[in-house]
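Take a look at the structure set out below.
Nothing in this text is a laboratory measurement; each read-out follows from the coordinates by a stated rule. As the structure is a computational prediction, the values presented were derived from the model and not from experiment. Note that we place each Cβ from the backbone using ideal geometry, even for glycine, and neighbour counts take in every protein chain shown.
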Amino acid sequence: MKIGIVGGTGDIGEGMARRLSSRYDVVLGSREAEKAHTTSECTIGLLKQRGLKSSCTGVSNQEAVDAAGVIILAVPFLHLESTLSGLSGFEGKIVVSPVNPMEKKDFFIPVPPPEGSAALLVKKLLPGARVVTAFNTIAANRWKDLDAEIDVAVPVCSDDPDAKSVVMGIVNGTSKMKAYDAGPLAVSSMVESLTPLFINVARYNKMRDVGIKFV
Ligand SMILES: NC(=O)c1ccc[n+]([C@@H]2O[C@H](COP(=O)([O-])OP(=O)(O)OC[C@H]3O[C@@H](n4cnc5c(N)ncnc54)[C@H](OP(=O)(O)O)[C@@H]3O)[C@@H](O)[C@H]2O)c1
């Protein structure tokens, strides 16, 4: 399976590439293909040092979309709409949104768009795509730190049962993550609002990279 990462040079994209490229063909995208190439070479080198094989290619965001069947949108909410408006070819593909629209005031708060959530905005902007919400609550540091397992729950939402099942399979095959079906895409606003809560909890309790488990 080929997994494309739009914005793959960022915190979460780079971390995802480290974890996913030993199991899947990762096609890491950027606005600048050269930057993506550098990140992919770093990823391959890092995994090689650990005796692990890695399939990771650095390309433009558009090439990542074209090459992959599953595309992760690893860009800040602020740049989500402009990024998607410059890309095409999402029809029939699984598009995963880990995007959390939030703002920092005295503390972090969710700031969902008028559509209700980032994922619902993606669905509106990419009508032919099979949109899935996942990975919203996993901090980039957890993805990046290959010395530690990622032992957390991952709520997954979609209106497309087959797409949801594919993404839940990716979740369950990655480190010690456990996927939970959180329902339709309408639930994504709740999932997206967890991260600002977790960052506040981390800050007020002197914790790092707070995550969740369902028991
Ligand atoms: N960081 C976390 O711990 C975390 C955890 C869970 C979910 N998320 C979500 O994951 C998404 C990515 O977060 P992140 O922390 O990885 O973001 P980031 O590092 O700030 O940015 C990710 C990538 O977005 C691209 N980008 C930056 N500015 C842009 C612009 N003006 N226009 C178009 N593309 C731009 C850049 O790629 P190029 O310059 O290579 O194009 C950048 O490397 C966010 O929506 C966030 O809510 C993050």
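List the lysines whose Cα sits under 24 Å from the Cα of K48, skipping any in the same chain fewer than 8 residues away.
K2, K35, K144, K176
Assuming a ≥ b ≥ c are the square roots of the Cα gyration tensor eigenvalues, decide whether region 171-215 counts as rounded (a/c under 1.5), prolate (otherwise, with a/b larger than b/c) or oblate. Display every interim value, and only then the final one.
Working: a/c = 2.81, a/b = 1.32, b/c = 2.12.
Taking the square roots of the gyration eigenvalues as a ≥ b ≥ c, region 171-215 is oblate.
When the dipole is taken about the Cα centre of region 2-204, and only Lys, Arg (+1) and Asp, Glu (-1) are charged at their Cβ, what size is it in debye, to the nearest 20?
On the way: 21 positive and 22 negative charges, 85 e Å.
Dipole size: approximately 400 debye.
Using label points projected 7 Å from each Cα along Cα→Cβ, tell me how many nm separate L52 and E115, to one decimal.
Distance between the two pseudo-spin positions: 3.2 nm.
Classify the chain as rounded, prolate or oblate from the Cα gyration tensor: take a ≥ b ≥ c as the square roots of its eigenvalues, call it rounded if a/c is under 1.5, otherwise prolate when a/b beats b/c and oblate if not.
Values: a/c = 1.41, a/b = 1.11, b/c = 1.27.
Taking the square roots of the gyration eigenvalues as a ≥ b ≥ c, the chain is rounded.
Would you work out the charge dipole size for region 22-65 about its Cα centre, treating the Cβ of every Lys and Arg as +1 and the Cβ of every Asp and Glu as -1, and quote it to the nearest 20 debye?
Here region 22-65 has a charge dipole of around 260 debye.
Shape of region 40-120 from its Cα gyration tensor (a ≥ b ≥ c, root eigenvalues): rounded if a/c is under 1.5, otherwise prolate when a/b > b/c, or oblate?
oblate
Taking R0 as 30 Å, what FRET efficiency do you get between T38 and S82 from their Cβ-Cβ distance, rounded to the nearest 0.05? Can you show the working numbers first?
Values: r = 23 Å, r/R0 = 0.77.
So, using R0 = 30 Å, E works out to roughly 0.80.
How large is ³J(HN,Hα), in whole Hz, for each residue of region 130-135 in order, when computed from phi with the Karplus curve 6.51 cos²θ - 1.76 cosθ + 1.60 and θ = phi - 60°, using x for Gly and Pro?
9, 7, 10, 9, 6, 6
Whole angstrom only: what separates the Cα centroid of region 41-117 from the Cα centroid of region 136-215?
15
Kindly work out what percent of the DSSP beta bridges joining two residues of region 2-204 are antiparallel, to the nearest 5.
Roughly 15 percent of the DSSP beta bridges within region 2-204 come out antiparallel.
Can you tell which of I138, L78, L120 lies farthest toward the positive end of the dipole of region 2-204, using +1 and -1 charges on the Cβ of basic and acidic side chains (Lys, Arg; Asp, Glu)?
Checked the options; the winner is I138.
Among the aspartates and glutamates, select those whose C-alpha is under 15 Å from the C-alpha of K213, and discard any that sit fewer than 8 residues away in the same chain.
Filter leaves E149, D151, D181.
Grab the DSSP H runs of the chain that are 4 residues or longer, score each as -39,500 (n - 2.57), total them, divide by all residues and round the 222 nm result to the nearest 500 deg cm²/dmol. It would help to have the intermediate numbers written out before the result.
Values: 9 runs with 81 residues, N = 215.
Only helices count here, giving -10500 deg cm²/dmol.
Sort E41, E34 so that the residue with the fewest other Cβ atoms within 10 Å of its own Cβ comes first and the one with the most comes last. Mind dumping the intermediate values first?
Numbers: E41 13, E34 9.
By the 10 Å Cβ count, ascending, the order reads E34, E41.
Given M207, V171, A64, which one lies farthest toward the positive end of the charge dipole of the chain, if we put +1 on the Cβ of every Lys and Arg and -1 on the Cβ of every Asp and Glu?
M207
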